[in-house]
Amino acid sequence: MAVCTIAVAGKGGTGKTTICGMLIDWLCKQGKGPVLAVDADANSNLNEVLGVEVETTLGDIREEVASADIVPNSPIPAGMTKQDYLDCKFNSALVEEDDFDLLVMGRTQGKGCYCYVNGLLQTQLQKLESGYRYMVVDNEAGMEHISRGILPSVDYIVLVSDCSRRGVQAVARIAELVKEINMHPKKMVLIVNRAPNGKLNAGTQEEVDKHGLELIGVVPQDEMVYEYDCDGKATTRLPEDSPAKKAVTEIAERLFQ
């Protein structure tokens, strides 16, 4: 069976990564693993939400390979091809847990073109995807990695907004981008996060309706999420009675029914 790819997107500060981590946690607890989690946000912190350590990112590997031909001491041993080196390095970049594995895309710091190396990354991910039932990708707002074709086609796009009109307008622009680049997901839905008492203001609901977005659920403001974040605890380990976790559970049940 082909991997089911879920892309989570939204502007920074909306709690997108927290929602993404909770969806991954739900999939694992429902026995829908193994899951490949991909952190494609330049501001990488999905690992903190999931409670795992990351030693290297794919961006770090891209940097090494891209500079291999120009630095005095190439990191690639003599007699080893770039592809063999990538295969070796990818083994160390994949964080393996019981029910999910995590890849952090990271970002490159150089100014050169990374098209060739991005193609190698795409090849590696295509090799990996056959071993997973779900791939969940935490994206930056522009969804750059997916739009460039580095990742597989997307089945579900989950847009995450805060409860403001401007937040909804921001995800509406992402929805338009999805149409412009002809991604054709099977389903695209909206989650509104951090709503007081889990209720939308009439003006925000009006904005959702105006842009024709499919609102699949509202996640309430949850002090426990804030406390876990301040204490450096993985938010996926919130108690089951956490208002935010309960809301995301209900959303996941509707989304994957």
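Read-outs throughout are calculated quantities, based only on the coordinates presented, and are distinct from any laboratory measurement. If you're wondering where the values come from, they're calculated on a predicted model, not measured in any experiment. Glycine gets a Cβ as well: all are built from the backbone with ideal geometry, and neighbour counts include every protein chain shown.
What size of dipole, in debye to the nearest 20, comes out for the chain about its Cα centre when the only charges are +1 on Lys and Arg C-beta atoms and -1 on Asp and Glu C-beta atoms?
Details: 26 positive and 38 negative charges, 173 e Å.
Roughly 840 debye, rounded to the nearest 20.
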task = With everything on Cα atoms, drop me the angle between helix 115-129 and the longest principal axis of the chain, reported from 0 to 90° to the nearest 10.
result = 70
request  = Once you've got the GNM for the chain with C-alpha springs shorter than 10 Å, pick whichever of N91, N193, N43 has the biggest mean-square fluctuation.
outcome  = N91
query = Of the beta bridges DSSP finds with both residues in the chain, what % are antiparallel, to the nearest 5?
reply = 5
message = With θ taken as phi - 60° and the coefficients 6.51, -1.76 and 1.60, list the Karplus ³J(HN,Hα) couplings across the stretch 176-191 in order, rounded to whole Hz; mark glycine and proline as x.
response = 5, 4, 4, 5, 5, 9, 6, 6, 6, x, 5, 8, 10, 10, 10, 10
note = Checking G13, G21, G198 against a Gaussian network model of the chain (alpha-carbon springs below 10 Å), the top fluctuating residue turns out to be G13
key: 0 to 90° range, to nearest 10: angle between helix 16-29 axis and the chain longest Cα axis   = 90
inquiry  = Taking amide H atoms as placed 1.01 Å from N in the peptide plane, list the residues 5 or more away in sequence, or in a different chain, whose amide H sits under 5 Å from that of M135.
reply    = C4, T5, I6, L36
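What's the local net charge at V171, with K and R +1, D and E -1, over the other residues with C-beta under 11 Å away?
Numbers: positive: K11, K16, R166, R173; negative: D162, E176, E207.
Computed value for this residue: +1.
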task = Using amide H atoms built 1.01 Å from N in the peptide plane, name the residues 5+ places from F100, or on other chains, whose amide H lies under 5 Å from its own.
result = V35
inquiry  = Could you compute the net charge surrounding D162? Neighbours are other residues with a C-beta less than 9 Å from the C-beta of D162; K and R count +1, D and E count -1.
reply    = +3
request  = Towards the positive end of the charge dipole of the chain, with charges on Cβ (+1 Lys, Arg; -1 Asp, Glu), say which of I191, S67, S92 has the farthest Cα.
outcome  = I191
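Once you've got the Cα coordinates, tell me which of K32/K187; K11/K82; K82/K179; K29/K246; K11/K32 are over 24 Å apart.
Details: K32/K187 19 Å; K11/K82 35 Å; K82/K179 36 Å; K29/K246 14 Å; K11/K32 28 Å.
Correct reply: K11/K82; K82/K179; K11/K32.
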key: Under the Debye formula (equal points on every Cα, no solvent term), log10 I(q)/I(0) of the stretch 166-241 at q = 0.13, 0.17, 0.25, 0.27 Å⁻¹   = -0.53, -0.79, -1.10, -1.19
request  = Starting from the amide H of V219, placed 1.01 Å from N in the peptide plane, find each other amide H under 5 Å away whose residue is 5 or more places distant or on another chain.
outcome  = V192, N193, R194, A195
request  = Mind pulling the angle between the C-alpha long axis of helix 82-93 and the longest principal axis of the chain? Nearest 10 degrees, somewhere in 0 to 90.
outcome  = 40
